[in-house]
């Protein structure tokens, strides 16, 4: 049986892992290579790295770190952050990424999704979307959740999948950092319209939040979180045992 | 020395790194002489069947594969590399494969019902026969899959399956030819142990 995936997300800035609460107040956690090795050993099903560096030096540092991670960790690696062109895809794939996550770059140039899917296959293109409720609808926010793009999230996600996005990471800005559970209402709205894997992000505060996620929304394929894993509030192996005890298929 | 065949398809970074991680001397090459001089051959592949099969033929590397397999050299096809071992694929038209394993490649979407395609994620192996490839693997161990097509009409060569609505071909073997639909180089410790077992044969 296919299993639900548990994915720790590592935001990397200047070669270090950070995590923002509501995208602000970043604090230093640990070395990406050490954390990746720790998570792989602890039962993470996949790892996501977001490069939140803006400078060229930071970019180079990031690919260097990615290469080190991919030389030692043999589970799927997704990379995002600063992916604006096909050459950005090429840059991170060459360093050992398996999937590439696009967000603002695809909002600016939606054809990037299509071009990348044709070149590397749908399975390689992950559409990551930061979504917030505005005027009773779900609105796409760009630039790390700072700008209201005016785009309707459901329409944008449908369009992304039609152009070849092979997976969706749905990050709810409304629940991100609040640790009060995933945004089930928003996730349901997305699961209803797409048939590619959906990864839930934003809001996980405890093990129960994951159980609730997979019980209430069987169409969600994976749960992604950062701080609760980084600070050891939830241990992945404990979480997977808990899910298994609740009848949810996981890789133990 | 293990030759990883480079015919311009897919990303070979992880495969090369994983072999190096387990201490295996491996080279990524498109040179027929290097492949002929190797102890074992790995045929990787990601992407579309037709494109990959064309590239393999245009490079002339299909001939080297036939010659070396004929001599008894061990060959491991991974993912699309496994699918290429079959006689033909029905991925957007009908395309000829290497024909080293009896059977064909068909779309998963036609058989898995409401389940999502591609079949992405960790699935457990149900081992169907004794295989040297699974020397270190236990019944039910998890490996990582990403694919939209599967090996069909190949029951005599199936060594393991994974449940995904139907019994999906997870691996095949015939004499010295092996193939895995999943990615051992992305399947953590279990995957590394499968690569180790292949390299130790």
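General remarks:
- Looking only at residues in segment B:91-113 that are farther than 21 Å from residue B:173 by Cα and without any contact (Cβ under 8 Å) to a residue 24 or more places away in the chain, the one that is nearest to the chain's Cα centre (by Cα) is B:94.
- Restricting attention to segment B:172-193, the residues that are under 19 Å from residue A:75 (Cβ atoms) and either part of a strand (DSSP E or B) or within 12 Å of chain A (Cβ to nearest Cβ) (or both) total 13.
- The strands (runs of 3 or more DSSP E) found entirely in segment B:126-170 that carry 2 or more residues being touching a strand residue (DSSP E or B) at 6+ places or on another chain (Cβ under 7 Å) and within 24 Å of residue B:199 (Cβ to Cβ) are B:142-147, B:158-164.
- Matching option when the condition is within 14 Å of chain B (Cβ to nearest Cβ) and touching a residue at least 40 places away in the same chain (Cβ under 8 Å), among A:198, A:126: A:126
- Strands (runs of 3 or more DSSP E) wholly inside segment A:1-62 containing at least 3 residues that are modelled with pLDDT under 85 and closer than 17 Å to residue A:176 by Cα: A:16-21, A:24-30
- Matching option when the condition is closer than 30 Å to residue A:31 by Cβ and buried (at least 23 other Cβ atoms within 10 Å of the Cβ), among A:226, A:165: A:226
- Single unsatisfied condition, residue A:142 versus (1) more than 14 Å from chain B (Cβ to nearest Cβ); (2) in contact (Cβ under 8 Å) with a residue 40 or more places away in the chain; (3) over 27 Å from residue A:37 (Cβ atoms): (2)
- The number of residues in segment A:180-195 being touching a helix residue (DSSP H, G or I) at 6+ places or on another chain (Cβ under 7 Å), more than 14 Å from chain B (Cβ to nearest Cβ) and surrounded by fewer than 24 Cβ atoms within 10 Å (Cβ to Cβ) comes to 3.
- Looking across segment A:75-98, the residues that are within 14 Å of chain B (Cβ to nearest Cβ), more than 15 Å from residue A:12 (Cα to Cα), at pLDDT below 95 and touching a strand residue (DSSP E or B) at 6+ places or on another chain (Cβ under 9 Å) come down to A:89, A:93, A:95, A:96, A:98.
- Any hit, segment B:134-143, residues being facing chain A (nearest Cβ under 8 Å) and closer than 18 Å to residue B:184 by Cβ: yes
The values are calculated or read from the model by the stated rules, or taken from the named source; none is laboratory data. Note that the coordinates shown come from a computational prediction; the quantities given were computed from them, not determined experimentally. Counting neighbours? That spans all protein chains shown, and the Cβs are built from the backbone with ideal geometry, glycine included.
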